[in-house]
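The values are calculated or read from the model by the stated rules, or taken from the named source; none is laboratory data. From a predicted model like this one, the values you see are computed outputs, not experimental measurements. Glycine also receives a Cβ, built like all others from the backbone with ideal geometry; neighbour counts cover every protein chain displayed. Heavy atoms of the whole protein, side chains included, go into the accessibility calculation; ligands, DNA and RNA do not. Shrake-Rupley method; radii C 1.70, N 1.55, O 1.52, S 1.80 Å.
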Amino acid sequence: MVFSIRSLGLQGIAGYEVTAECDLSGGLPAFTIVGLPDTAVNEAKERVRSAIKNCGFTYPVSRITINLAPAHVKKVGTLYDLPMLVGILRASGQLRTREENCAFVGELSLSGELRPAFGILPMALCAKRSGIKALYVPEDNAPEATLAEGPEVYPVRDVEQLVRHLTGVERIPPAKPWVPSLESAALPDFNQVKGQDSVKRALEIAAAGGHNLLMAGPPGSGKSMLAQRLPGILPEMTRQEALEATEVHSVLGLTSRERPLIGQRPFRSPHHTISAAGMAGGGSPPRPGEISLAHHGILFLDELPEFRKEVLEVLRQPMEDGQVRLSRATGSVEYPSQFMLVCAMNPCRCGWYGHPSGRCKCTERDVKSYLSKLSGPLLDRIDLFVEVDALDYEELAVPAETEASADVKKRVDAAREIQNRRGGCNAKMGPDLLDQACALDETCQKIMRGAYDRLGLTARSYDRIRRLARTIADLEGSEGIRPSHLSEALQYRPPAYLRR
């Protein structure tokens, strides 16, 4: 007789339902797993065998065949240990239960304890969509599974506890929904940064509209310090945004029992030695990259020209589409990638090109070679370019009152509220809404017409300037785009050495 046990799997960051069909038959003793298992799934034979024996059950001396359906999808990881064990115990008559419409997920130790698994949240969301009423997961994964607000989640410590529950001897109390603590990690504050008022203004505009930003300046001028304070002025994540960001982190095992939900906007800062696969995602099986880990947050690229050219070029399509699609021989997966790109760079390899002190010793050829990795299409997707000047001694030595992040965030939140009523943040505005919300009057048209040829604008940069001007108007609470808003937006175009 075949016993079918429901389970769940992962394809990309999406969960899907898996059925573990267990059959015990006559013949020479064997344990066969079919349904495109990978090495980790095949190794479950030894974990399941040892767990059954060490928990006081009898390992059946027969031919065991387990099919993981759907058989055409490759099964990856250690998620299926628990459903295989339950199937064998039921097929051998050692476990009798009336539990129906339930699913099992978890990795087994040799002693029968359950170890935490990756990707529990997307699987729990899939269980909710599939109508599963009870979900049995390792104890450490239970808080994350409750975030789906779907099936009853039962935290399982070991096999013996699970069997007592399924036979009605001792019920496992369902996990309570995880509630975040009121305490949140303190973020770096703008009031710790001296000077750089023009850069802070650019960061405020970028945060208000979700715009991409590039800061250029000599070493030690505060570019990285300013970027690290940008999350403190971004709007709080909505529940849906937090769940979407958590799904990506969960698949890579970056959540924990104590912090199962990503409550603050991600801030990812990969090193410039990262590969294209590390940035966009890849591997076998494909895994999300840094641009997906920055979903609904910030991707900060420090020392931008030091990144390899192919790494920078993989950013272009995700920046436009908000997702990255990876195609492999085994199939295609899609990962979300709606992020703010924030970059910092020196104007040349030594960092002092154009400085009045004359400290730069780079030749024009050296500067051109250093900046050659920054393609025109990539720069065209960046909305704000701002120069970060080196601070004078007086600016550093004299204490000065600077605005706190909380005050800036109030203005950013107010601007985002205007945009949400309109249909979403300005950086992601669709063509129809763009023409309606970013209409230019006659005076603004004259300003834009003059800038179009003078600055060598493209159709993409024309739209981005209008979006940027709309954000500046939203910060002021203006219904329309005025010439002052458009003029300020035009000031954030690339400097001359980047337009060559």
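General observations
- Taking every C-alpha pair closer than 8 Å and separated by at least 6 residues, the mean separation divided by the residue count of the chain gives a relative contact order of 13 percent.
- For segment 78-93, 3J(HN,Hα) per residue [Karplus equation, 6.51 cos²θ - 1.76 cosθ + 1.60, θ = phi - 60°, Hz, x = Gly/Pro]: 10, 5, 9, 4, 5, x, 5, 4, 4, x, 5, 5, 6, 5, 8, x
- Proximal aspartates and glutamates relative to Lys176, as straight alpha-carbon distance under 15 Å, when same-chain residues fewer than 8 apart are discounted: Glu139, Asp140, Glu144, Glu149, Glu152, Glu258
- Here's the list of aspartates and glutamates a cross-link from Lys410 could span, going by alpha-carbon distance under 16 Å and ignoring same-chain residues fewer than 8 apart: Asp189, Glu204, Glu236, Asp474, Glu476.
- Here's the picture: charge each Lys and Arg Cβ at +1 and each Asp and Glu Cβ at -1 in the chain, and of Ala344, Leu455, Tyr59 the one pushed furthest to the positive end of that dipole is Tyr59.
- With the simple model of a label 7 Å out from the Cα in the direction of the Cβ, Ser111 to His355 spans 6.0 nm.
- Cross-link partners of Lys53 among lysines (Cα-Cα below 20 Å; sequence separation of 8 or more within a chain): Lys45
- Residue pairs, from the table Lys75/Lys133; Lys75/Lys309; Lys75/Lys428, whose Cα atoms sit over 29 Å apart: Lys75/Lys309; Lys75/Lys428
- Listed values for segment 121-135 are Karplus-derived 3J(HN,Hα) couplings in whole Hz (6.51 cos²θ - 1.76 cosθ + 1.60, θ = phi - 60°), namely 4, x, 6, 5, 5, 5, 4, 5, 5, 7, x, 5, 8, 9, 10, and x replaces Gly and Pro.
- Förster-model FRET efficiency, 60 Å R0, Ser484 and Ser332, C-beta, rounded to 0.05: 0.80
- Among (1) 22.2; (2) 27.8; (3) 23.4, the entry derived from the coordinates for mean projected area of the Cα convex hull in nm²: (2)
- Fraction of antiparallel bridges per DSSP, the chain only, in percent to nearest 5: 50
- Based on Cα atoms of segment 268-366, Rg over Rh with Rh as the Kirkwood radius reads 1.11.
- Amide H contacts of Gly281 (H built 1.01 Å from N, under 5 Å, at least 5 apart or other chain): Gly289, Glu290
- Taking only protein heavy atoms and a 1.4 Å probe, the accessible area of segment 70-160 is 46% carbon and sulfur.
- The peptide list 168-177, 144-153, put in order of mean Cβ contacts within 10 Å with the highest first, becomes 144-153, 168-177.
- Here segment 254-358 is treated with +1 on each Lys and Arg Cβ and -1 on each Asp and Glu Cβ, and its dipole about the Cα centre works out to around 220 debye.
- Amide H contacts for Thr32 (H built 1.01 Å from N in the peptide plane; partners 5 or more residues away or on another chain; cut-off under 5 Å): Ile64, Thr65, Ile66.
- Between segment 356-382 and segment 1-32, the alpha-carbon center distance in angstrom: 57
- Whole-number percent relative contact order across segment 214-328, with pairs defined as alpha carbons under 8 Å at least 6 apart: 24
- Assuming charge only on the beta carbon of Lys and Arg (+1) and of Asp and Glu (-1), the dipole of the chain about its Cα centre is about 1040 debye to the nearest 20.
- Normalised by residue number, the volume inside the convex hull of the Cα atoms of segment 30-90 is 74 Å³ per residue.
- Helix 197-209 and the long axis of the chain differ in direction by around 50°, with both axes built from C-alpha atoms.
- Amide hydrogen neighbours beyond the local backbone of Gly15, cut-off 5 Å, H modeled: Cys126
- On Cα atoms only, tilt of 405-422 relative to the major axis of the chain in degrees: 80
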